[in-house]
Amino acid sequence: MSDGMFGVFQQGIALLLSFDPEVWAIIGVSFSVSLRAMAFILLPSILLGFALAVSRFPGRGGVISLFQTLQAIPTVVVGLITYLLLFRQGVLGDLRWLFTQNAMVLAQVFLALPVLVSLSYGAFSSGDWRAWETARTLGAPRYRAFLTLCHELRAPLLVAVIAAFSRIITEVGASMLVGGNIHNVTRNIPTAIALETSKGEFAQAAALGTVLLLLALIINFSLGTLRNQQEGLRRG
């Protein structure tokens, strides 16, 4: 069994190294969709997390709880909601986005937004605000003080971004529902892995799984390096 598994991963790595066009097309779709979703929500989510951390208004606790609760919604439920919005009689049916990459981007925006807002709020709430106070004391405008604070909190904010990206790059349910898993159009890494495994074709699934594994290793190594650098600066 172990020899068989080892052989499957050998075949998968061979597909990657030979730049198999089908495998790399799937990888391209997956990263294109997820990076576009992150680009749409990155700044608004961080700004909203900051606003929730600094402001006080009636219902603030309820808004925070709502975003924290939305993190746990299953991806297939988000896919269903997006499908109902986009199908012909839906609110957004006139866009004709169903079974396109735009539909996948929209579903992933819904998935990543609460994660990024909640974790950004946590980063700002528990962060050291001396950078903000110093910048404001020196006469810096609010936007520059905000950028200074974000730089000081770059490690927890980066964790928030990575958590949101990880949530969408690996999800299957929403992409399958609104994208349709169409060859060379909306087939991404998770849906391709599910399809190829169900067909008993494990080499391509292993190749795509290897990409996700390498991505996880690179992300964890980068985060560890950043945290070590920040700890070194604090001790210094």
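The values are calculated or read from the model by the stated rules, or taken from the named source; none is laboratory data. Computed from a predicted structure; not experimentally measured. All Cβ positions, even for glycine, are placed from backbone atoms using ideal geometry, and neighbour counts span all protein chains on display. Remember, those area values only see protein heavy atoms, side chains included, never the ligands or the DNA or RNA. Shrake-Rupley method; radii C 1.70, N 1.55, O 1.52, S 1.80 Å.
Side notes on the structure shown:
- When the Gaussian network model of the chain links Cα atoms closer than 10 Å, the mean-square fluctuations of 105, 211, 91 top out at 91.
- Using the Cβ of residue 145 as centre and a radius below 10 Å, the other residues enclosed give a net charge of +2, where K and R count +1 and D and E count -1.
- Modelled FRET efficiency - R0 41 Å, residue 73 with residue 19, Cβ distances, 0.05 increments: 0.65
- Helices in the chain, meaning DSSP H runs of at least 4 residues, each add -39500 (n - 2.57). Divided by all residues, the mean residue ellipticity at 222 nm is -26500 deg cm²/dmol.
- Choice from 160, 216, 123 with maximal GNM fluctuation in the chain (Cα, 10 Å cutoff): 216
- Counting only alpha carbon atoms, the long axis of helix 60-70 and the longest principal axis of the chain meet at about 20°.
- Solvent-accessible area, 1.4 Å probe, carbon plus sulfur percent, for the stretch 146-236: 64 percent
- Overall shape: prolate for the stretch 74-115, with the ratio a/c of the largest to smallest alpha carbon gyration tensor axis at 1.5 or above and a/b above b/c.
- Listed values for the stretch 5-12 are Karplus-derived 3J(HN,Hα) couplings in whole Hz (6.51 cos²θ - 1.76 cosθ + 1.60, θ = phi - 60°), namely 5, 4, x, 4, 5, 4, 5, x, and x replaces Gly and Pro.
- Between helix 202-235 and the chain there is an angle of about 20 degrees, using the helix long axis and the longest principal axis of the Cα atoms.
- For the chain, built as a Gaussian network whose Cα springs stay under 10 Å, the top-fluctuating residue of 143, 83, 121: 143
- Kirkwood Rh (inverse of mean 1/r, distinct Cα pairs), the stretch 152-236, angstrom: 14.9 Å
- Which label in (1) 1.18; (2) 1.49; (3) 1.05 gives the computed Rg/Rh (Cα atoms, Kirkwood Rh): (3)
- Accessible area of the chain divided out per residue, in Å², using a probe of 1.4 angstrom: 55 Å²
- Shown here for the stretch 1-84: trypsin sites (Lys or Arg not before Pro) in loop regions (DSSP other than H, G, I, E, B) with at most 12 other Cβ atoms within 10 Å, namely 56.
- Cα-based helix-to-principal-axis angle, 21-54 vs the chain, degrees rounded to 10: 20 degrees
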